[in-house]
Amino acid sequence: MDNQKSKYNKEKLDTKEMVFSSIVFLYIFLPLMLLIYFIVPKKFKNLVMIIASFIFFAWGEIRYIPIMLLLAVMDYWCGNKINQNWENKKAKRKYLMIDITVNLLILFFFKYADFIISSINGLFRINIPLLNIPLPIGVSFNTFQSLSYIIDVYRGTVKCEKSFYNYLTYTTLFPQIIAGPIVRYETVDEELVDKKISMDNFSCGMRRFIVGLGKKVLIANNVGVLWNVIENGNFNEISVVLAWLGIISFALQIYFDFSGYSDMAIGLAKIFGMDFDENFNYPYISKTITEFWRRWHITLSSWFRDYIYIPLGGNRKGLAKQIRNIIIVWTLTRCLAWSLMELRFVGIVFWNNTNYRKIIFD
Amino acid sequence: MKNKIFFLIFVTVWVIIVILNFVLPKSDFSEQENRMYATIPRFSFKSFVNGEYLDGVNDYVNDHFAFRDTFLKINSWWEINVLGKKEINDVYVGQDSYLFEKFEFGEEEKTTLNSNTKIISDFAQKMNEQNIKTYFILVPNSIYINSDKLPENVQAPNQEEIINIAYSNTKNTVNVDVEKSLLTENKNQQLYFKTDHHMNSDGAYVVYKEFCKSANIEAVTTTDFNKVKVTSDFLGTFDSKAQIWNQEPDEIYVYQNENNMNIKEAIYDTQNTQSIFNEEFLLTKDKYSYFLNGNNSRAIIKTNVNNDRKLLVVKDSYAHIMSQFLCQNYSEVHFLDPRYTAFDYEQYAKENGITDVLFLYNVSNFVEDNNLRKIS
């Protein structure tokens, strides 16, 4: 019975994990959405995207949608408040802090509430029931996007968005929600108003999407099978060759999985008439770790560089401070972005809180 | 220019498939895969919120995708010839067109095995009290008998050991060892279907002969039968699962003689006929159901053999192909399938004047099936 149950769960996870490569997405959701998207007049295109995003999110966790809406309202409001109080440094800062705090609280609530409860239970030998909240799809990416928007508005590097309609489109954008790239407001602000829809963009985007799909389905999934076999074997008895094979297959799987999803996201965006930043640049040719982080999930590392490392002083304030800054960034990467790094577990992360905790804390 | 060509080709193909998906007629049952297709889930707020509705939609669309069968065949071609896979959907692609279903014997299977042997022992004891003899046959599967045909480096559990465990656990019964003669005879002729999980008529005959030896009855010799090919176009359950693009089909033979061609009556769940064979099934995908009219909870065969011996067979589908032989030596054979029934078999044996009981199972089903408990 248990065995049957676990088999069933496994199948469920598989279908969940494959959102972009599922038949429903490729042959019902996407064609219908594109048809409507291309037909409607320009000012309704964002509406189509918002509705499509909501359907896409509902596929995963419908309960997150109201939270996402409220966060969007808050970001929008804070952004405008910062703009209104441009001369008043104190007020500006207040709104920035409100927005950052609430966003982070929500993220930490989803990620760590159950961990904290179980720690308290363990520490004081009491029994507060766990909440068992599934981690909603894209919660980390939403946080990154919201934070980059509000910080950029605060710094004055972007203008605050005057239209809530456009801001909501930005914050609910779905192509990148599974594995990035992280889209900054400054990258797409013009395209939120004026999309570059053309046959050339459609063709380029679709080709890019197909390449990504191939990376994921044809390469990552198949080398993943090899890795799974080795991973589930006995590590004490493993031969050197097999161990290397395991390392190589894992490295290939995680790269093709991750960059495949990024390709699909970039391709989809292109079809919709938007340009996302590149996310991978042949990371495995890197000669140093530093170079690797410049080539691997570029939008994530540059996010941390621009919003945390450099504001803390970067490498300009002496070696001690630089090391401190690096440690801070690394700790935050672990806390904030773990689910992004462990893309392999993306399905499990989204759908099974128990497993999710296991991945992080074991 | 390049973009234009790509755009035209891609969009045309895509649009055609999308439209065909919507307009092509949908059937409820898959002949190819021998199973019911998923149905459109009923919408409710609750099922929508917990994701069941969308999962259901996903299953429905997957099952009803245009040219699904063709795509599955393309997939099997790709996996075997391009990726060099030897396993598709839990089916091993072996040598000489042999297919095998993955078989594992873990803790859970051990538990099931032990509980099933206990049930048989208890039942046999009750039968002994009424002077009814109980026989037990555990038939090994193709994956063990034909293990030399498995893909390289694939290992299957040793079913001889499993049968030994089962037989040593089962008390009060006559345990019939069929495994050794199947292994020996398999060298001379094919005893199992290549595309299906059952043994064929030749395999069934080997089992029948061993049973007769243990039961002290005289087996009808092969020369007294007329061996007839009823179809050469049988693609069984293994092929349904794997959908091999160029699978060579199996042939189905029957050993016919007066005893099994001319019977008094056959009582099935929904119909009474005068045959243990049902030719209608030969025209469908599910050709194995030719034997004993497919899966019935109960099948009673009344023969023209006048010896007043009545055999009760508690069985899985491996017994269906055995029916052509079992009705040689008994005036009545009652086949009961615990998977589809739940009542007191002891009472049944009493009421129907049963003189012998036979538990007939195949190994992989015996260690997985928890339905035997329903017999008491």
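The values are calculated or read from the model by the stated rules, or taken from the named source; none is laboratory data. Note that the structure is a prediction, hence the values are computed from the model and not measured. Neighbour counts are summed over all protein chains in view; Cβ atoms, including those assigned to glycine, are modelled from backbone coordinates with ideal geometry.
Within segment B:12-60, the set of residues being more than 8 Å from chain A (Cβ to nearest Cβ), of a type in the set (A, V, I, L, M), part of a helix (DSSP H, G or I) and surrounded by 11 or more Cβ atoms within 10 Å (Cβ to Cβ) comprises B:ILE16, B:ILE19, B:LEU20. Of the set (1) in contact with a Phe, Trp or Tyr (Cβ under 8 Å, 6 or more places away or on another chain); (2) outside any strand (DSSP E or B); (3) not basic (Lys, Arg), all apply to B:PHE100 but (2).
If only residues of segment B:65-76 that are surrounded by fewer than 16 Cβ atoms within 10 Å (Cβ to Cβ) and in contact with a strand residue (DSSP E or B) (Cβ under 9 Å, 6 or more places away or on another chain) are counted, the one that is farthest from B:PHE100 (Cα to Cα) is B:ASP69. Output the number of residues of segment B:7-34 satisfying the condition of being touching a helix residue (DSSP H, G or I) at 6+ places or on another chain (Cβ under 9 Å) and free of Cβ contacts under 8 Å to residues at least 12 places away in the same chain. Looking only at that region, the number is 7. Exactly one residue out of B:ILE137, B:ILE145 is of a type outside the set (S, T, N, Q), closer than 30 Å to B:GLU31 by Cα and touching a strand residue (DSSP E or B) at 6+ places or on another chain (Cβ under 8 Å), and it is B:ILE145. All conditions but one from (1) more than 14 Å from every other protein chain (Cβ to nearest Cβ); (2) surrounded by fewer than 20 Cβ atoms within 10 Å (Cβ to Cβ); (3) at pLDDT 85 or above; (4) part of a helix (DSSP H, G or I) apply to A:LYS195; the one that does not is (4). Just one of the listed residues (B:GLU107, B:GLU79) is more than 22 Å from the chain's Cα centre (by Cα), loosely packed, with under 13 Cβ neighbours inside 10 Å, among the charged types (D, E, K, R) and within 10 Å of chain A (Cβ to nearest Cβ), namely B:GLU107.
Within segment A:49-97, being within 14 Å of another protein chain (Cβ to nearest Cβ), of a type in the set (D, E, K, R) and crowded, with 16+ Cβ neighbours inside 10 Å holds for one residue alone: A:GLU61.
The set of residues in segment A:198-233 being away from chain B (no Cβ under 11 Å) and not in a helix (DSSP H, G or I) consists of A:ASN232, A:GLY233. When each of B:ASP63, B:ASP96 is tested for being more than 10 Å from every other protein chain (Cβ to nearest Cβ) and not basic (Lys, Arg), the lone residue that passes is B:ASP96. The number of residues in segment B:82-131 being touching a helix residue (DSSP H, G or I) at 6+ places or on another chain (Cβ under 9 Å) and free of Cβ contacts under 8 Å to residues at least 12 places away in the same chain comes to 4.
Evaluate the following for B:GLU346: is it among the acidic types (Asp, Glu), more than 18 Å from the chain's Cα centre (by Cα) and either closer than 26 Å to B:ASP233 by Cβ or part of a strand (DSSP E or B) (or both)? No: the conditions fail for B:GLU346.
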